[in-house]
Amino acid sequence: MILIPRFRLSRRTVLRGAGVCLALPLLDAMLNESGTALAQGAPLPKRLGVFFWGNGVRPDRWRPSGGGTDWTPSEELMPLAHLKQSVSVLSGMEVKFDGTAHHRGRAGILCGAYDVNAGMYGQVSGPSIDQVAATAWDGQTPFRSIEVGISMRSKGGVNASRASGGTAWSGPNQRVPAEYSPMALFERLFGSQFNGDQTDEQAKRELMLQQSILDTITSDAKALTQRVGAVDKLRLEAHLDGIRQLEQALASADRACIKPDVSGDPAVDLGHEMLDERNELIAEIMSRALACDLTRAFSYEYTGMQADTIFWQIGATEGSHVMTHDDRNLPDMLEPQTEKVHQSVVFTMGHFAKLLDKLEAIVEGDGTLLDNSCIMACSEVNDGTVHTYDSMPLLIAGRAGGSLNSGVHYQADHENATKALLTCLRAVGLPLDSFGVAEGQVSESIGALEA
């Protein structure tokens with residue numbers, strides 16, 4: 001009997017066309033016989049991400065009941081109920097820094113490092129965990145990291161160029177800016193059929209409806225389809241179909257979903273942001289970027305620190321930061337709008353679930369893209385109304401390739417929140433002895449979450 005060698009592909013295989021290189025998702029031809037590692041023996045890649053939202057939660061409606069693996073999602077976690085087995089909730093984790101309200105909380109929960117004496121508000125004094133991972137993995141993927149944002153409205157109602165925003169930090173007070181335009185993000189990651197003269201967004205969308213980057217790689221795609229197995233053929237076709245559907249969705253998107261130029265675009269209404277539409281597009285692009293191994297580190301700033309996002313979709317008329325406070329500098333002092341704050345958290349968790357659903361839907365080896373990821377979701381305060389930090393809202397989604405126990409409600413008693421950061425970093429393979437500085441430094445991770 002003559003054995004025909006199994007067709008193999010490198011993980012770095014791309015489809016090529018005129019000026020375009022289109023990355024591929026993980027195919028069976030790139031894996032070993034059991035589907036547990038790459039064909040050359042290297043382990044499947046792990047991803048580390050941060051999902052951030054501003055202004056905290058309503059603590060009495062956030063914390064789930066029960067503990068360990070026997071817990072029930074709270075009202076604010078209900079949008080994640082169908083993902084319970086893939087999401088762990090951490091309660092009782094505390095930011096230990098003293099300092100200025102939101103600023104110390106953001107620095108502590110993202111970086112474990114805060115300099116209270118730097119400037120009026122203190123400053124982030126170390127890298128965020130996504131950037132720690134990006135540095136460790138530098139050169140292994142086409143993009144060191146990807147930073148995206150959804151709401152463009154900051155404290156005071158100004159746009160996303162705000163100084164108070166920022167989720168990714170490469171070092172002390174060194175913010176890595178987020179991309180808010182789905183179109184620009186798609187062009188950056190998957191190539192562009194636009195020439196240098198085409199800068200008008202409407203012209204780009206019209207051309208995208210007529211042409212596709214897939215038009216340039218047709219022959220390469222056809223040749224590969226003829227060589228791979230039946231499962232890979234279907235997966236490849238689905239990937240290409242998905243790219244085209246994404247192009248068409250971008251081309252058809254309302255102009256309010258597109259980031260304005262630096263001079264400002266009056267079509268973008270910061271009082272009625274298209275949060276559903278922008279989140280849907282960016283979550284889809286991000287999931288494909290991770291599936292194609294374009295990067296392994298990312299940050300997803302849904303709303304920024306102290307952001308005044310107006311959740312008009314739930315009937316809110318004031319910004320989310322304003323809604324949490326009674327010292328809002330309005331002519332008439334108002335009480336915090338706790339019910340609207342609660343509804344905005346539910347809305348936000350629904351959009352986090354959208355991202356996780358997309359990762360869960362992508363098969364990788366004998367699991368899913370979500371299984372091979374570790375995504376920490378957090379805010380900069382617990383109760384934004386009174387600026388508490390004793391039980392930070394913290395979630396860890398994914399299993400980090402089997403390194404994490406998931407579906408756990410971990411109940412701590414004023415433990416240092418930096419433990420969660422170190423847990424995530426170690427789970428994705430970074431052998432750190434400790435993480436954080438000063439009050440934020442820890443050398444122990446959370447054993448109950450480690451598989």
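Scanning the stretch 236-274 for residues that are modelled with pLDDT under 85, in a helix (DSSP H, G or I) and of a type in the set (S, T, N, Q) yields a total of 1. Of all residues in the stretch 76-129, those satisfying the criterion of being of a type in the set (Asp, Glu) and surrounded by fewer than 23 Cβ atoms within 10 Å (Cβ to Cβ) are 94, 98, 115.
Residue 73 fulfils the conditions (1) over 22 Å from residue 371 (Cβ atoms); (2) surrounded by fewer than 22 Cβ atoms within 10 Å (Cβ to Cβ); (3) in contact with a helix residue (DSSP H, G or I) (Cβ under 6 Å, 6 or more places away or on another chain) except for a single criterion, (1).
Does residue 353 satisfy the condition of being at pLDDT 95 or above and of a type in the set (Gly, Ala, Ser)?
yes
Note on the stretch 6-26: among residues that are part of a strand (DSSP E or B) and touching a residue at least 40 places away in the same chain (Cβ under 8 Å), the one that is farthest from the chain's Cα centre (by Cα) is 17. Note on the stretch 369-451: enclosed strands (runs of 3 or more DSSP E) holding 1 or more residues that are open to solvent by 10 Å² or more (accessible area, probe 1.4 Å), more than 22 Å from residue 61 (Cα to Cα) and in contact with a Lys or Arg (Cβ under 6 Å, 6 or more places away or on another chain) are 409-416.
The values are calculated or read from the model by the stated rules, or taken from the named source; none is laboratory data. Predicted model only: the values in this text are computed from it and were never measured. A quick note on method: Cβ atoms are made from the backbone with ideal geometry, for glycine too, and the neighbour counts reach across all protein chains shown. SASA here: full protein model, heavy atoms, side chains in, ligands and nucleic acids out. Shrake-Rupley method; radii C 1.70, N 1.55, O 1.52, S 1.80 Å.
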